[in-house]
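K.L.:
Once you've had a glance at the structure underneath, I'll fire off some questions.
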Amino acid sequence: MIGPKPAPAMPLVGATIAGMSIVERPPMNPMVGDPDDHRPDTSWGVIADPGDDHGRVDSLAIIHESIAVGDRIPLHTHDVDEAITILAGEGEARLGDDLRRVDTGTVIFIPSGIPHATSNVGDAPLDIHAVFPSTTIEIAMLERNPAPGTEGDAPRRSRYDLRTGDFEPIE
């Protein structure tokens, strides 16, 4: 991994009752540390079931992002399906060759392997939840928001463990 390690999925306040977890609010951190997606004005948090001795849900994870005005999630693909819900704000979503305006309440279903990107085109943060059917996802970057000092690097492919925050470059 290059750069600081993203925060692992940890509940700020939560409870686990008989195998069921309630995560009330994830910690939000600046979007820094990924050489391909550096957005220090955007914040994000990962929500994954912390589980306990009674069990945990390993088949779902959520990324909560508050995308800053003018920021964008660069074009990329995943090895799993994704669903994005627009919680607040105005944006543009690219899904394959289709570019559409999106706003509060919009849900975007993204099949695995399809290039996609999201941009904040409004005048306030664009808040989203991205839901994945796994706590480990592969991300193949097709475009970049390069971190300082990495401007000449090619986009990379990585495996990201949403539970631990570990990035592992592939290839």
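Where a number appears in this text, it was derived from the coordinates with a stated rule and is not lab data. Quick caveat: nothing in here was measured; it's all calculated off a predicted structure. Here the Cβ is made from the backbone with ideal geometry for all residues, glycine too, and neighbour counts use every protein chain on show.
K.L.:
To make sure I understand, if each residue's beta carbon is the centre and we count other beta carbons within 10 Å, what order do E24, E65, E138 fall in, fewest to most?
P.N.:
Ascending Cβ contact count within 10 Å gives the list E24, E138, E65.
K.L.:
For a quick check: with amide H placed at 1.01 Å from N, whose amide H comes under 5 Å from L162's, ignoring anything fewer than 5 positions away on the same chain?
P.N.:
Answer set, sorted by chain and number: T136, I137.
K.L.:
Give me H76, H54 ranked fewest to most by other Cβ atoms within 10 Å of their Cβ, as a rough exposure proxy.
P.N.:
Listing H76, H54 from fewest to most nearby Cβ atoms yields H54, H76.
K.L.:
Rounded to the nearest 0.05, what FRET efficiency do E151 and A117 give with R0 = 22 Å and r taken as the Cβ-Cβ distance? Could you check?
P.N.:
The formula returns an efficiency of 0.70 here.
K.L.:
Hey, fewest Cβ within 10 Å first, where do M31, M20, M141 land in order?
P.N.:
M20, M141, M31
K.L.:
Between Rg and the Kirkwood Rh of the range 14-170, both from Cα atoms, what is the Rg to Rh ratio?
P.N.:
My calculation of the ratio gives 0.96.
K.L.:
How long is the gain from E138 to V57 if the chain were fully straight, where each residue apart is worth 0.36 nm and the alpha carbon distance is subtracted?
P.N.:
My answer for the length gained is 27.2 nm.
K.L.:
Pairs of alpha-carbon atoms within less than 8 angstrom and 6+ residues apart define the contacts here; what relative contact order does the chain have, in percent?
P.N.:
Value for the chain: 25 percent.
K.L.:
Could I ask something else about it? Run the simple label-point estimate for E92 and I170 please: 7 Å along Cα→C-beta, distance reported in nm.
P.N.:
Output for this residue pair reads 2.8 nm.
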